[in-house]
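Inspection log for the structure reproduced underneath, given as structure tokens.
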Amino acid sequence: MILKLIQSGGFAGRSRFAEEDLSCHSLKLQEYLDSHFSALQGKMMSHLPPLQRDAFQYFVEYKGTRLPVDEKIKLEPEFAEILEMLKSKLHY
């Protein structure tokens with residue numbers, strides 16, 4: 001499975017992205033994403049952050065579902081590490 005990090009907003013308004021193949025990561029991480037993504041989707045859609053055009057906003061996409069990145073989604077330490085690593089790989 002592929003995990004995609006998307007950075008949008010900022011002064012230029014161009015989106016950047018980075019991807020990671022999760023097959024080389026622990027099964028625990030994949031199970032965390034599978035079990036929590038659908039539960040988080042319902043909760044997050046009703047609490048979308050307000051659009052801030054000049055500020056960077058991050059979204060994570062997994063199995064066709066896109067969610068905003070906030071503290072709730074980074075509860076699994078390995079997932080938080082992957083997000084930080086993906087931020088360093090962002091490109092246009």
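The values are calculated or read from the model by the stated rules, or taken from the named source; none is laboratory data. This structure is a prediction, so every number in the text was calculated from the model and none was measured. All Cβ positions, glycine included, derive from the backbone under ideal geometry; neighbour counts span all protein chains shown.
Details
- When SER23 is tested against (1) loosely packed, with under 12 Cβ neighbours inside 10 Å; (2) at pLDDT below 90; (3) out of contact with any strand residue (DSSP E or B) (no Cβ under 7 Å at 6 or more places or on another chain); (4) not hydrophobic (A, V, I, L, M, F, W, C), only condition (2) is not met.
- Residues of the range 56-77 classified as surrounded by 12 or more Cβ atoms within 10 Å (Cβ to Cβ) and more than 12 Å from the chain's Cα centre (by Cα), total: 2
- Enumeration of residues in the range 26-50 that are modelled with pLDDT under 65, among the small types (Gly, Ala, Ser) and part of a helix (DSSP H, G or I): GLY42
- With respect to (1) among the hydrophobic types (A, V, I, L, M, F, W, C); (2) modelled with pLDDT of 90 or more; (3) in contact with a helix residue (DSSP H, G or I) (Cβ under 8 Å, 6 or more places away or on another chain), the lone exception for PHE17 is condition (3).
- Pairs, first touching a residue at least 24 places away in the same chain (Cβ under 8 Å) in the range 3-15, second among the polar types (S, T, N, Q) and outside any strand (DSSP E or B), C-beta under 8 Å, six or more apart: ILE6/SER15; GLN7/SER15; SER8/SER15; GLY9/GLN52
- Residue within the range 51-70 that is assigned to a helix (DSSP H, G or I) and modelled with pLDDT under 85 present: no
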